[in-house]
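Here, each number is a calculation from the coordinates, and none is a lab measurement. Because the structure is predicted, anything quoted here is derived from the model rather than measured. Neighbour counts run over all protein chains shown; Cβ positions are idealised from the backbone, glycine included.
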């Protein structure tokens, strides 16, 4: 029986955006990890719900004045959902605002989100903000 991974990701994004962490946790595989690019100010591996909450805090509260993602499209494969996102970002260091696309690859295992790997169009520009 196949699952609708896109619907899972949509609900996951909605709940995470609302900060409903108790409702987010069931969507995450026990070995969940989020791995941003090593050049990002929040580089590292973030594991489990606590790790996910930590990177969300770093992005939204420590690194940027504004981080406003808009989902443009979902593409679903056998084990992955790829999400095209446009993000508007204002840096804390410069106050400069940019908009750029990024792709997030959400890999599934046992019907749950096992990992998220974001691919930004211009990571250097984000670091300079």
Practice problem: Compute the acute angle (0 to 90°) between the alpha-carbon long axis of helix 48-57 and the principal axis of greatest extent of the alpha-carbon atoms of the chain; round to the nearest 10°. | Solution: 30 degrees
Quiz prompt | Mean residue ellipticity (222 nm) of the chain, computed from DSSP H runs ≥ 4 via -39,500 (n - 2.57), nearest 500 | solution = -7000 deg cm²/dmol
Quiz item: Of 115, 2, how do they rank once you tally other Cβ atoms within 10 Å and put the fewest first?
Solution: 2, 115
Practice problem: Mind jotting down a quarter of the surface of the convex hull over the alpha carbons of the range 5-128, in square nanometres, one decimal? | Solution: 6.8 nm²
Self-check item: Using a Förster distance of 25 Å, the FRET efficiency for residue 79-residue 99 (Cβ separation, nearest 0.05)
Solution: 0.25
Quiz item: Over the chain, what is the mean sequence separation of C-alpha contacts under 8 Å (at least six apart), divided by residue count, expressed as relative contact order in percent?
Solution: 24 percent
Self-check item: Sorted by Cβ density within 10 Å, fewest first, the residues 89, 82
Solution: 82, 89
Quiz item: Roughly what angle does helix 5-17 make with the longest principal axis of the chain, taking Cα atoms, 0 to 90 degrees, to the nearest 10?
Solution: 50 degrees
Practice problem: Quick one: among 77, 111, 91, which has the greatest mean-square fluctuation in a GNM of the chain with alpha-carbon springs under 10 angstrom? | Solution: 77
Quiz item: Using the 10 angstrom Cβ neighbour count as an exposure proxy, how do 72, 106, 28 rank, fewest first?
Solution: 72, 28, 106
